[in-house]
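In what follows, a structure is listed as structure tokens, so that the remarks can point back to it.
Values in this text are rule-based calculations from the coordinates and carry no lab data. For clarity, every value in this text was computed on a predicted model and none was experimentally measured. In this analysis, Cβ positions are derived from the backbone assuming ideal geometry, glycine residues included, and neighbour counts consider all displayed protein chains.
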Amino acid sequence: MDILSIIGIVLGLVAILGGSVLKGSGLAALWNGAAFIIVIVGTFAAVMLQVRLRVFVHGFRILRWIFVSPERDSEKVLQQVISWSQVARREGLLGLETIAEQEADEFMRKGLMLLADGAEPETIRHIMDVELSTREQFDQQGAKVFESLGIYAPTLGIIGAVLGLMAVMQNLAEPERLGVGIATAFVATIYGIASANLIFLPIGNKLKGIIQSASSERELIIDGLVSIARGDNPRSIETRLRGYFIERGT
């Protein structure tokens, strides 16, 4: 569980809700149905028009990663690769077939099966690199769904503000209706800017960081698989793969 994401959400709510209370506006002032429809519904409509359905769905499927990251313990992954190399030296590459059948991770299982089938090192690298690139690209597209929400939300906030001011100008002769238009204008602006800078853009950026880290982990696995296929000894494989820890600061 990523405690930093939870703290960030809580502090964001405190900043907006607490600020409204301390300024004397109260919590009720932050709700405006018209502003919500214009900004939030309009923002989602814009993004739905921009992306494909499977990308939109994937974006919200990986949303959970900001709380429960798919990243694994790097040291455990390294030791797992080393154990594969030790099995390969003792039993040959066919000894990895049983391990592959028991492996839950689809990416690892595919690489192990290629090893067990006796694929050439460069063939393994090419196939696994394509797998990695395809996964990373699709995940990045999912993360960009939130980036797009963050881009459109402030613009829709401005549209909401303009519509609210238009309502004000059309009802100057009816003072009792001016408050509704002014409230819509200000609340729409808050919805647009706050949702973009406290929710959508931070989520998108965090997801992109998680995806990059997961890709680095898979690159380590690919490098390990290729080294095993070349027949490198476990100690040299470990020394080589330790370089990823320096790059990632772990």
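Let me understand segment 19-69 better: what is its radius of gyration from the alpha carbons, and its Dmax, in angstrom?
16.1, 44
Angle between the Cα long axis of helix 3-13 and the longest principal axis of the chain, 0 to 90 degrees, nearest 10?
10 degrees
Which of the lysines could be linked to LYS76 by a straight reach, that is with a Cα gap under 26 Å, when you skip same-chain ones fewer than 8 residues away?
List returned: LYS110, LYS206, LYS208.
To the nearest 20 debye, what is the magnitude of the charge dipole of the chain about its Cα centre, counting +1 on the Cβ of each Lys and Arg and -1 on the Cβ of each Asp and Glu?
On the way: 23 positive and 26 negative charges, 119 e Å.
Roughly 580 debye for the chain.
Could you give each residue of segment 218-228 its phi-based ³J(HN,Hα) in whole Hz, using Karplus coefficients 6.51, -1.76, 1.60 with θ = phi - 60°, and x for Gly or Pro?
5, 5, 4, 4, 4, 4, x, 4, 5, 5, 5
Can you work out the FRET efficiency for the pair VAL55 and ILE127, with r the C-beta to C-beta distance and R0 = 22 Å, to the nearest 0.05?
Numbers: r = 24 Å, r/R0 = 1.10.
Between VAL55 and ILE127 the formula returns 0.35.
Can you sort THR123, THR189 so the residue with the fewest Cβ neighbours within 10 Å comes first?
Numbers: THR123 14, THR189 18.
Ordered from fewest to most neighbouring Cβ atoms within 10 Å, THR123, THR189 come out as THR123, THR189.
In sequence order, what are the phi-derived ³J(HN,Hα) couplings for segment 85-91 according to the Karplus relation 6.51 cos²θ - 1.76 cosθ + 1.60 with θ = phi - 60°, rounded to whole Hz, with x for glycine and proline?
These are the phi-based 3J(HN,Hα) values: 5, 5, 5, 4, 6, 7, 10 Hz.
List the pair-distance distribution P(r) of the chain, using every Cα-Cα distance, as the percent of pairs falling in each 5 Å bin from 0 up to the bin containing the longest distance, rounded to whole percents.
1, 6, 11, 12, 13, 11, 9, 8, 7, 6, 5, 4, 3, 2, 1, 1, 0, 0, 0
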